[in-house]
Amino acid sequence: MASLAAIRNSRRQERLSALRQGAAATAAGWTNAEIWLFGSLARGDWDAYSDVDLLAIAPTQVAADALADALLEARLGDDVLALTQERWQQLKQGDDPYWRAIGRDALRLDQQ
């Protein structure tokens with residue numbers, strides 16, 4: 001009999017695999033785009049009520065906004081934040097503990 005932790009880990013890995021496939025397919029149409037998962041699913045402390053939090057990162061804000069819209073249309077995330085690559089670097093390396101934690105825990109999805 002599998003332990004609860006093993007079942008939880010298996011479900012998380014299945015969910016991450018599906019998100020990675022969807023993110024890679026979505027990002028394929030974009031140049032220099034990145035898709036990151038953050039929040040409880042990225043950290044591994046998710047539950048049945050957790051949503052999927054994504055970052056849509058692109059060279060310009062217009063491109064990031066369009067990528068965020070594409071992720072929402074593909075139903076890959078519940079909350080999608082759009083940032084330029086420059087802003088993402090500033091935030092994750094800045095002084096705000098919220099963004100530093102996101103930068104530390106986020107998982108890049110569009111790469112295999």
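The values are calculated or read from the model by the stated rules, or taken from the named source; none is laboratory data. The model shown is predicted, which means the values in this text are computed figures rather than measured ones. Cβ sites come from the backbone with ideal geometry, for glycine too, and all protein chains shown count toward neighbours. Ligands, DNA and RNA are stripped out before the accessible areas are found, and what is left, the full protein with its side chains, is counted by its heavy atoms. Shrake-Rupley method; radii C 1.70, N 1.55, O 1.52, S 1.80 Å.
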Restricting attention to the range 63-95, which residues are open to solvent by 70 Å² or more (accessible area, probe 1.4 Å), outside any helix (DSSP H, G or I) and either in contact with a Gly (Cβ under 7 Å, 6 or more places away or on another chain) or over 21 Å from L19 (Cβ atoms) (or both)?
D95
I need a count of the residues in the range 44-68 that are within 16 Å of Q13 (Cα to Cα), free of Cβ contacts under 8 Å to residues at least 24 places away in the same chain and under 17 Å from the mean Cα position of the chain (by Cα).
3
Among what's in the range 29-62 and is among the acidic types (D, E) and under 17 Å from I102 (Cα atoms), pick the residue that is most open to solvent (accessible area, probe 1.4 Å).
D45
Considering only residues of the range 96-112 that are open to solvent by 70 Å² or more (accessible area, probe 1.4 Å) and in contact (Cβ under 8 Å) with a residue 40 or more places away in the chain, which is farthest from A27 (Cα to Cα)?
Q112
